[in-house]
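Report on one structure; see the data block that follows.
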Amino acid sequence: MKKILLILVATFMMYAGTASAIDEGFEYNLITPPIGTADPAKVEVAEMFWYGCPHCNDFEPTLNKWLKTKPDNVNFIRIPAIFRESWIPHARAYYTAEALGVLDKTHSLFFEAVHKNRQRLATKKDISAFFVSHGVKAEEFDQAWNSFIVQSRVKRAITLTRRSGIKGVPSMLVNGKYRTSASEAGINNPGGASNDDMIKVVNFLVAKEAKQLKPAKK
């Protein structure tokens, strides 16, 4: 009886260790081939999102909390995912705000307009009205919306969505090498997918990549 009990305890401990581990192919997956990053002296963490996604909206508080405490060696960026043509206007809205220098002001407000105020913001006309309501001149909006830099970044977002291999949003990319999502990160969570689990996996991968950082050039 004692022997059986010891076997059961050992089996439980082995299972518990496996369940709490963070492993490739389960909590995260490789991006093949890797995507280049802007600064080899920092670990790049990218959120891939869509303004129309309720899960992305729900993830915002968790992400913003993490951003306040993220390591100094992390360079964080956002990439609007584009799975279909109907997602392009929201991507253009993001890059237009970035080009106008108002992204810090409009990013959360855009989520709020879509998910709290139930505004579709699916056309240039609707999106222009949104920007104007938050202090951007219509002429400046048009200039940025139609600019080469915004169009180029939208095309790159389409490419990155495909190359990253993500299946949905929100997803997180770490240093162009790894991707994870709430469903992947929470695969061993009895409670199911979790935004907190996704952050745990991101922190694990950041620590993993930080060991291989190239020193900054002097």
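Cβ-Cβ contacts under 6 Å between residues 6 or more apart (or on different chains), taken from a first residue in segment 93-120 that is closer than 21 Å to residue 140 by Cα to a second residue that is in a helix (DSSP H, G or I) and of a type in the set (Gly, Ala, Ser), are listed as 96/144; 99/144; 100/144; 103/97; 106/97. Counting the residues of segment 129-142 that are within 23 Å of residue 79 (Cβ to Cβ) and either of a type in the set (A, V, I, L, M, F, W, C) or in a helix (DSSP H, G or I) (or both) gives 4.
Is there a residue in segment 143-161 that is in contact with a strand residue (DSSP E or B) (Cβ under 9 Å, 6 or more places away or on another chain), more than 24 Å from residue 34 (Cβ to Cβ) and either part of a helix (DSSP H, G or I) or not polar (S, T, N, Q) (or both)? Within segment 143-161 (the criterion being in contact with a strand residue (DSSP E or B) (Cβ under 9 Å, 6 or more places away or on another chain), more than 24 Å from residue 34 (Cβ to Cβ) and either part of a helix (DSSP H, G or I) or not polar (S, T, N, Q) (or both)), the answer is no, since none of the residues qualifies. Scanning segment 107-128 for residues that are surrounded by fewer than 16 Cβ atoms within 10 Å (Cβ to Cβ), assigned to a loop (DSSP other than H, G, I, E, B) and not polar (S, T, N, Q) yields a total of 4. I want to confirm something. Restricting to segment 150-192 and keeping residues that are among the hydroxyl-bearing types (Ser, Thr, Tyr) and closer than 18 Å to residue 60 by Cα, which single residue is farthest from the chain's Cα centre (by Cα)? Across segment 150-192, the extreme among qualifying residues is 183.
Apart from one condition, residue 103 fits all of (1) under 17 Å from residue 180 (Cα atoms); (2) in contact with a Phe, Trp or Tyr (Cβ under 9 Å, 6 or more places away or on another chain); (3) aliphatic (A, V, I, L, M); (4) surrounded by fewer than 21 Cβ atoms within 10 Å (Cβ to Cβ); the exception is (1). The sole residue among 7, 22 that is more than 15 Å from residue 172 (Cβ to Cβ) and at pLDDT below 95 is 7. Taking segment 168-192 as the range and being on the phi < 0 side of the Ramachandran plot, at pLDDT below 95 and either in contact with a Pro (Cβ under 6 Å, 6 or more places away or on another chain) or in a loop (DSSP other than H, G, I, E, B) (or both) as the test, the residues that pass are 186, 187, 188, 189, 190, 191. Among the criteria (1) under 30 Å from residue 213 (Cα atoms); (2) at pLDDT 95 or above, the one residue 105 does not fulfil is (1). When you look at residue 150, is it surrounded by 14 or more Cβ atoms within 10 Å (Cβ to Cβ), more than 27 Å from residue 125 (Cα to Cα) and in contact with a Ser or Thr (Cβ under 8 Å, 6 or more places away or on another chain), yes or no? No, not satisfied. Within this structure, residue 93 passes the test of being modelled with pLDDT of 95 or more, of a type outside the set (S, T, N, Q) and under 20 Å from residue 55 (Cβ atoms).
Beta carbons closer than 6 Å, at least 6 apart along the sequence or on distinct chains, never pair a first residue in segment 170-198 that is outside the structural domain of residue 35 (by TED's automatic domain parsing) with a second that is part of a loop (DSSP other than H, G, I, E, B).
The values are calculated or read from the model by the stated rules, or taken from the named source; none is laboratory data. As the structure is a computational prediction, the values presented were derived from the model and not from experiment. As a convention, Cβ positions derive from the backbone with ideal geometry for all residues, glycine included, and neighbour counts pool all protein chains shown.
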